[in-house]
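Down below is the structure, laid out as structure tokens.
The values are calculated or read from the model by the stated rules, or taken from the named source; none is laboratory data. Note that the structure is a prediction, hence the values are computed from the model and not measured. Here Cβ is always computed from backbone atoms with ideal geometry, including for glycine, and neighbour counts include all displayed protein chains. These area figures cover heavy atoms from the full protein model, side chains too; ligands, DNA and RNA do not enter into them. Shrake-Rupley method; radii C 1.70, N 1.55, O 1.52, S 1.80 Å.
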Amino acid sequence: MRKKVILITGAAGEIGQALINEFIDEDRHDLLTLDLKPLPPELFGQTIHIQGDVLDQNLFARLVTEYEIDTIFHLAALLSTRSEFAPALAHQVNVNGTLALLQLAAEQSQNRGKPVRFIFPSSIATYGLPDLETKTRDFYVREWDWNYPTTMYGCNKLYCEQLGAYYGRHFQQLAETTPVMLDFRSVRFPGLISAYTVPSGGTSDYGPEMLHAAAQGKPYACFVRPDSTIPFMVMPDAVKSLLHLWGAPRERLTHDVYNVTSFSLSAAEFRELVLQAFPGADITYQPDLRRQGIIDSWPAGLNDKLARRDWNWQPDYDVQRAFEEYLVPNIRERYAR
Ligand code: SER
């Protein structure tokens with residue numbers, strides 16, 4: 001018999017590491033993890049880890065002979081800034097990688113006669129607001145507002161949301177018998193902040209970078225203007241949202257894609273909070289006009305009413321709790337070691 005597993009791609013990334021830790025605490029599922037990189041040493045031996053590529057079809061063909069994949073958390077992606085420097089590669093990884101996994105999940109769903117749950121993190125990058133006036137006016141965007149991304153990453157995420165919905169609802173719609181389809185669920189994340197890892201290649205990175213630099217006593221030049229405002233969320237809430245959406249009864253879900261958020265901050269407000277925790281911090285502004293343009297196109301806030309209604313979404317950390325109880329103490333401890 002094949003071993004039943006949860007597959008996590010992009011497992012060595014920020015969300016991946018946090019998600020694996022949560023599963024380890026629960027100790028109820030076998031995890032098959034995939035990443036180009038090895039997992040960090042503290043996670044060695046906790047999962048069946050494959051160092052490999054989401055574009056490697058032979059690898060997947062082998063994996064399905066050995067494992068029954070029950071759920072896929074497909075986290076592997078190139079983030080927004082990095083994708084602008086390598087758009088063709090970003091499309092390969094972000095779109096073709098997702099397509100390969102959706103196809104695998106679709107086939108697995110049919111073979112075992114039971115839907116594979118496919119959990120997909122999407123992003124504020126799927127939005128593209130035309131100017132700052134509109135951004136201020138339409139502060140909390142709804143899922144269907146302003147879906148005009150200006151980045152390769154945002155285009156990739158928006159399209160993959162739609163591919164997921166296609167595979168979950170219309171796959172093989174002209175076949176004589178309706179196949180068992182996969183069960184696709186997606187959250188659109190705001191900028192994420194972890195106390196333990198720093199992001200790489202994203203455009204919301206100035207928040208976490210500011211904080212981690214301050215905690216290490218390093219100077220930091222913020223690459224956006226003080227008034228730049230986007231929504232944020234701390235990593236425990238990001239993981240909570242993925243797990244809650246995963247566990248929600250299908251009949252409660254009226255949409256395939258849900259906004260989730262916690263608090264919105266301008267770069268100046270973010271800096272103030274960091275200075276309260278680390279009073280000597282040297283944080284200046286050196287806006288990079290191109291990255292600024294991306295942040296200006298992202299919404300200032302997300303309307304997450306649908307998630308709250310359909311699957312009782314609620315973040316545990318508002319801004320005060322996020323800094324006082326999660327970020328500052330854990331970051332202090334991390335760099336004191
Ligand atoms: N944090 C991501 C980025 O900046 C947005 O999803 O690319």
Percent relative contact order for segment 91-235, counting Cα pairs under 8 Å at least six residues apart, stands at 27
Whole-Å semi-axes of the chain's equivalent ellipsoid, largest first, each the root of 5 times a Cα gyration tensor eigenvalue? 33, 23, 18
To the nearest 10 degrees, how steeply does helix 97-112 sit against the main Cα axis of the chain, on a 0 to 90 scale? 40
What does the accessible area per residue of segment 261-333 come to in Å², with a 1.4 Å probe and no ligands, DNA or RNA counted? 49
With unit charges on the beta carbon (Lys/Arg positive, Asp/Glu negative), name the residue among HIS212, GLN108, PRO236 whose Cα is farthest towards the positive pole of the charge dipole of segment 103-239. GLN108
For segment 74-91, in residue order, the Karplus 3J(HN,Hα) values (coefficients 6.51, -1.76, 1.60; θ = phi - 60°; whole Hz; Gly and Pro = x) are 9, 9, 5, 6, 8, 6, 5, 5, 4, 5, 5, 7, 9, x, 5, 5, 4, 5
Mean residue ellipticity at 222 nm from the helices of the chain, using -39,500 (n - 2.57) per DSSP H segment of n ≥ 4 over the full residue count, to the nearest 500 deg cm²/dmol? -11500 deg cm²/dmol
Between segment 1-37 and segment 206-238, what's the alpha-carbon centroid distance in Å? 27
Compute a Gaussian network model of the chain, connecting alpha carbons closer than 10 Å, and tell me which residue from TRP144, TRP246, TRP313 fluctuates the most. TRP144
Could you please put SER200, SER264, SER83 in sequence from largest to smallest accessible area, using a 1.4 Å probe? SER200, SER264, SER83
Long-range HN-HN contacts of TRP313 with modeled amide H, under 5 Å: ARG308
Over the chain, what is the percentage of antiparallel beta bridges among all DSSP beta bridges, to the nearest 5? 10
Run the 1.4 Å probe and let me know the accessible area of TYR67, rounded to the nearest 10 Å². 30
Work out Dmax and Rg for segment 210-337 from the C-alpha atoms and quote the Rg first, both in angstrom. 16.8, 52
Quick one: if you stick a label point 7 Å off each Cα along the C-beta vector at ASN96 and GLN276, how many nm between them? 4.8
Taking Cα atoms only, helix 57-66 is inclined relative to the longest principal axis of the chain by an angle, in degrees rounded to 10, of 60
Working with all protein chains in place, sort MET1, MET152 by solvent-accessible area computed with a 1.4 Å probe, largest first. MET1, MET152
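For the chain, what relative contact order do you get, as a whole percent, if you take Cα pairs closer than 8 Å and at least 6 residues apart?
18
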Where Cα atoms sit under 20 Å apart: lysine pairs in the chain separated by 8 or more or lying on different chains: 4
In whole Hz, what ³J(HN,Hα) sequence does segment 142-147 give by Karplus (6.51, -1.76, 1.60; θ = phi - 60°), x for Gly and Pro? 8, 3, 9, 7, 6, 7
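Just the number, please: carbon plus sulfur as a percent of the accessible area of the chain, 1.4 Å probe, no ligands or DNA/RNA counted.
Taking all protein chains in place, the chain shows 51 percent carbon and sulfur surface.
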Given all pairs of different Cα atoms, what value in angstroms does the Kirkwood hydrodynamic radius of segment 1-104 take? 14.1
Quick one: Cα centre-to-centre distance for segment 82-129 and segment 171-193, in angstrom? 10
Can you give the accessible area of LYS305, probe radius 1.4 Å, in Å² rounded to 10? 140
